[in-house]
Amino acid sequence: MSGQRLERLERRMVRGLMALPDALVRRLAGAPQLNAAGAVLDVRAQLLARLHRVASRPYFAGTVGEARREYARGLGAVDAPAPAGIVRRELSVAGAVGPRRAFLYTPPDARGALPTLVYFHGGGFTVGTLEAYDAGCRTIAARAGIAVVSVDYRLAPEHRFPAAADDALAAFRWVAAHAAELGVDPERLAVGGDSAGGNLSAVVCLRARDEGGPRPCFQWLIYPATDMTRALRSHREHAAGPFLDEPMMTWFLAQYLAPSDDHRHPHASPLFAASHASLPPAHVVVAGFDPLRDEGLAYADALRTAGVPVSVQQAPTLVHGFLTMAGALPVARLARDEAIDALGRVLRA
């Protein structure tokens, strides 16, 4: 069976299981799972995690190339279908040491200079790709009514820290400098991303402030990684996952950070920046069953303490990675839409 046929079969199987009656889904998922706050893991997320443990092998069990293929396959099975009508254009943007690919997404009825999100995908700095996030970026552009530039930053382990952060900053500056030809509004140019991409977005804001602009107008941080020391409570609480667990995080960080790197360096761990003052307003999204939950909350607190306007969206019954699970989990779709609506309100104001 071809890879594409197998992916379609997996997608149909997952959709079919998620469409079963609640009582049957509960029987298949097992006993309810609670976190320390007393929230109950969404039953379909629990079943999906159980299927993931059975059907997938850990990324560190094979080569990095195999991990990237596994990641893309997994997203394909659970992500929501792409909305129709979005126009995608491939770009060559500046990276820190040479050009990088990027996709520009615009709504079909776009007029004038559009508010724009420069998006950095997730995947532990190691396994994400532009193509894996295509449907998600189309959804952001369509629902928020904005342009999205998705950037193909360099991945680890071929390119360790700070390569991804350097590329992210260079790409943001390139988009700002070429706003007129891209049809984007340089005054309404935000950064955002999920997980590793949330980390890169926060780092771009810090470096743009400290290294001489231009500055993003907003940061959209979806379960961001902000503390590479992994010292906060949610890491111990959810060391076994679901989905993102301690062995996987250890593997990701081993790819990205060399043993000699300072895990508290603010360009790796933006939580440890000397100051968070004068950074762009932020919308921070966290999931209740996510090892990174407390990192996101701590970063929101640091921004708020420094006088930065922050809104926090909590998805108490969901897991790390839910943004790309909207095709399988109705509650993930609702949380995703809420996050996109918050972004759209700010950029279209």
- Name the residues in the range 26-43 that are touching a residue at least 24 places away in the same chain (Cβ under 8 Å) and touching an Asp or Glu at 6+ places or on another chain (Cβ under 9 Å), would you? N35, A36
- Total residues in the range 335-349, condition within 14 Å of the chain's Cα centre (by Cα) and among the β-branched types (V, I, T): 1
- Message: Checking D109 against (1) buried (at least 21 other Cβ atoms within 10 Å of the Cβ); (2) modelled with pLDDT under 95: exactly one of these is not met. Which one?
- Response: (1)
- Query: Somewhere in the range 293-311, is a residue in contact (Cβ under 8 Å) with a residue 24 or more places away in the chain and under 23 Å from A80 (Cα atoms)?
  - Reply: no
- Message: Looking only at the range 103-133, how many residues end up being of a type outside the set (S, T, N, Q), touching a residue at least 40 places away in the same chain (Cβ under 8 Å) and under 30 Å from R230 (Cα atoms)?
- Response: 14
- Message: When you check W220 against the structure, is it buried (at least 23 other Cβ atoms within 10 Å of the Cβ), among the aromatic types (F, W, Y) and either in contact with a Cys (Cβ under 9 Å, 6 or more places away or on another chain) or more than 29 Å from S56 (Cα to Cα) (or both), yes or no?
- Response: yes
- Given the structure, is R100 assigned to a loop (DSSP other than H, G, I, E, B) and not β-branched (V, I, T)? no
- Query: Looking only at the range 38-86, which residues are over 26 Å from Q255 (Cα atoms), of a type in the set (A, V, I, L, M) and in a helix (DSSP H, G or I)?
  - Reply: V43, A45, L47, L48, L51
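When you scan the range 23-37, do you find a residue that is part of a loop (DSSP other than H, G, I, E, B) and farther than 22 Å from D290 by Cβ, even just one?
No, the range 23-37 contains no residue that is part of a loop (DSSP other than H, G, I, E, B) and farther than 22 Å from D290 by Cβ.
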- Query: Which residue out of A170, A239, A165 is crowded, with 22+ Cβ neighbours inside 10 Å and either of a type in the set (A, V, I, L, M) or more than 15 Å from the chain's Cα centre (by Cα) (or both)?
  - Reply: A165
- Message: So, A274, is that one in contact with a Pro (Cβ under 8 Å, 6 or more places away or on another chain) and either within 27 Å of G38 (Cα to Cα) or modelled with pLDDT of 95 or more (or both) or not?
- Response: yes
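The values are calculated or read from the model by the stated rules, or taken from the named source; none is laboratory data. None of the values given here were measured: they were computed from a predicted structure. Note: ideal-geometry Cβ built from the backbone for every residue, glycine included; neighbour counts use all protein chains shown.
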